[in-house]
Amino acid sequence: MFAQDVMDQLIRTGPQDPCGRLMRRYWQPVALSEEVDNKAPLPLTILGEDYVVFRNADGVPGLMARLCAHRGADLSYGVCEPEGLRCLYHGWKYDVTGQCVEQPPEPEGRGFADRIRLHAPPVVERAGLLFAYLGEGEPPEFPDYEFLRYGEENTFVTKVFHECNHLQANEGNLDQSHLGFLHVFYPEETHSHQELEKSAPGGSKNAVELINEDKAPEMEVEYTDYGFTEFTTRKAPEGRYLKIQSFLLPNVAVFPGAVQGIGGHQVHWHVPVDDENHWKFVLVFRRDEAVDKARLAKALVGVDELLPGYRMKRTRANHHLQNRPQMASALPTNGLGLGFEIHDAVICESGGAIQDRLQENLGYSDRSVIALRRSMLDAIKRIDAGEPAPGTVHRPEDNGFPEINVIAQVIAEGEDPRRIAAEVADRRRVEEAARG
Ligand code: FES
Ligand SMILES: [Fe+2]
């Protein structure tokens with residue numbers, strides 16, 4: 001069991017809290033590109049701090065402190081103009097760097113506007129997401145994760161608001177034992193999960209069959225500088241069904257997901273709004289073919305599940321609209337619709353906004369949950385000792401993560417998963433070198 005004060009280090013994300021300090025040392029996604037335009041500013045709260053984000057007429061995004069430096073009006077009520085955001089109260093205008101560029105009611109020539117600049121964290125737009133560095137000082141290099149390199153055609157992104165602490169959802173990502181219980185399907189529902197119908201590479205059965213037939217996978221974790229890699233194997237007719245996936249500090253998971261690791265993979269990134277709410281950003285990419293966005297949307301967030309603003313209709317207050325009559329029918333279902341992300345969000349919210357960790361009893365199957373906590377605690381110790389945040393890169397020439405691999409395939413009995421991982425990593429290095 002983890003003591004409450006230890007869990008609090010991982011749960012609380014204010015500027016002075018250990019996890020809050022850790023998260024502020026990494027680039028974090030803060031919005032989808034598609035929701036930020038030059039028509040209406042978007043209010044955001046990230047890590048308990050209020051921001052507004054907008055674009056200028058050139059499409060350049062600007063993220064800045066939400067309240068106007070004049071007399072504190074909320075700038076998300078403001079007016080987008082070609083070269084900045086104008087406060088609705090008295091018309092002060094800010095450019096995308098947070099610099100005040102106009103104060104219409106003030107006498108000219110005093111240089112007052114020049115001295116006013118709102119806190120405006122650096123922003124990078126990549127793979128359909130806006131990222132910000134919310135910490136102090138010089139940011140690390142923007143991480144050159146493979147999954148952020150592909151264009152619009154090859155990448156699907158969305159997000160889902162979760163009314164619960166970031167950690168309890170993040171812990172679910174590499175938790176293999178929930179797959180055969182929480183995510184159950186009517187047979188026809190698998191049609192929205194294109195890759196789940198195909199046989200796992202190297203085998204004759206598909207992932208759903210393999211997961212349902214062995215609900216007690218063997219698990220191992222290997223700590224790395226960026227977090228840890230998880231190796232799980234299940235029984236398969238031809239040997240073992242191997243999955244290799246990773247936790248990337250401080251709040252990311254990469255795993256086979258909706259494309260089953262075939263030519264790409266899925267990513268979950270859990271960004272606190274505050275300690276009782278967070279955004280789960282979801283990304284799926286394929287290297288060499290376009291992603292089917294309509295199919296992925298159906299598979300991941302279901303049909304008609306979200307309200308405007310990427311919030312679920314299902315909440316704790318309505319018992320997440322779980323369909324009990326459907327559950328009583330002969331076909332297996334969790335009564336929570338089609339969407340994988342919805343299932344996960346519901347079950348993570350079900351334990352409460354901040355789950356009581358003193359009531360937990362962790363077992364063998366929770367190895368990755370324990371590894372996640374240990375790697376975060378270790379990372380906190382390291383930044384407190386003055387070291388760079390683990391997994392961050394500080395020189396352009398070091399930027400790249402070829403060792404992060406996501407694999408799902410059937411291997412022969414007795415084959416070493418680490419050898420497979422090394423082989424795939426070598427192949428990826430060669431492919432990447434060929435790609436230039
Ligand atoms: S409060 Fe924004 S211009 Fe006065
Ligand atoms: Fe899940």
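A short reminder: the numbers here are calculations on the coordinates, not readings from a lab. Everything numeric here is computed off the predicted structure, so don't read it as measured data. So basically every Cβ, Gly included, is an ideal-geometry build from the backbone, and we count neighbours across all protein chains shown.
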Report, ordered by the first and then the second residue, all pairs with beta carbons closer than 6 Å, sequence separation of six or more or different chains, a first member in the stretch 93-120 that is under 23 Å from ALA40 (Cα atoms) and touching a residue at least 24 places away in the same chain (Cβ under 8 Å), and a second member that is assigned to a loop (DSSP other than H, G, I, E, B) and within 16 Å of ligand 2 (Cβ to nearest atom).
none
Test for ASP74: is it within 14 Å of ligand 1 (Cβ to nearest atom) and of a type in the set (Asp, Glu)
yes
Name the single residue that is nearest to ligand 2 (Cβ to nearest atom) among those in the stretch 34-79 being within 16 Å of GLY309 (Cβ to Cβ) and among the hydroxyl-bearing types (Ser, Thr, Tyr).
THR45
Residue by residue through the stretch 62-83, note down the ones that are more than 12 Å from VAL52 (Cα to Cα) and either in contact with a Gly (Cβ under 8 Å, 6 or more places away or on another chain) or among the hydroxyl-bearing types (Ser, Thr, Tyr) (or both).
none
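Got a sec? Which of PRO121, PRO107 is touching a Pro at 6+ places or on another chain (Cβ under 9 Å) and not in a helix (DSSP H, G or I)?
Only one candidate passes the filter, namely PRO121.
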Residues in the stretch 168-188: is at least one touching a residue at least 60 places away in the same chain (Cβ under 8 Å) and assigned to a strand (DSSP E or B)?
no
Across the stretch 325-365, which residue is farthest from ligand 1 (Cβ to nearest atom) among those that are touching a Cys at 6+ places or on another chain (Cβ under 9 Å) and aliphatic (A, V, I, L, M)?
ALA345
Among the residues that make up the stretch 297-306, is at least one of them under 16 Å from the mean Cα position of the chain (by Cα) and either farther than 17 Å from ASP344 by Cβ or among the polar types (S, T, N, Q) (or both)?
no
